[in-house]
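Following: one structure in structure tokens, then a few remarks.
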Amino acid sequence: MTIRGRRAGFPYESAVGFGTIARDRFAAIEATFDPGVLRTRPLLLAGRRLHVNAGLKFGAMTVALLDPQGRAVEKASVRGQDGIDLAVPLKLDAAAGKPARLEFTITNGQLYSFWVD
């Protein structure tokens, strides 16, 4: 018989656990069935493809490329996927070398991060 915790004279019981989390999924922008919108500050997008780390298994996300005046130049959607590297079919050629914003509209999902390559 093993005596543990307070019965053994220790003021506490302890245990060792192990947890994991997917890459870059510590914090997220999350929306329920009411859509949520995230608009970035002006960025210089040095690349041609947009990637997201998103949880959209039962949701959807629309990404709009906005010009400096806030008008949508290009839009693309991703739905029903969950992954740490989802390619968004958005053409970023119109923003090459100019400041632009990205606007993410999320319904029933999470956006963890995004990057351009």
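Taking a point 7 Å from the Cα of residue 21 along the Cα-to-Cβ direction, the residues of the stretch 87-117 with backbone N closer than 18 Å to it are 110-114.
How much of the calculated P(r) for the stretch 27-116 lies past 24 Å, in percent of all Cα pairs? It would help to have the intermediate numbers written out before the result.
Values: 561 of 4005 pairs.
Tail of P(r) above 24 Å: 14 percent of Cα pairs.
Counting alpha carbon pairs within less than 8 Å and at least 6 residues apart, what relative contact order, in whole percent, applies to the stretch 27-116?
On the way: 237 pairs, mean separation 44.3, N = 90.
Over the stretch 27-116, the number comes to 49 percent.
Projecting the Cα atoms of 18, 62, 110 onto the charge dipole of the chain, computed from C-beta unit charges around the Cα centre, puts 18 farthest toward the positive end. For the pair residue 113 and residue 49, label points projected 7 Å from Cα toward Cβ lie 1.7 nm apart.
About its Cα centre, the dipole of the chain is roughly 220 debye, where the only charges are +1 on Lys and Arg Cβ and -1 on Asp and Glu Cβ.
Bear in mind that the values in this text are calculations on the coordinates, not laboratory data. All of these numbers come straight from a predicted model, not from anything done at the bench. Here Cβ is always computed from backbone atoms with ideal geometry, including for glycine, and neighbour counts include all displayed protein chains.
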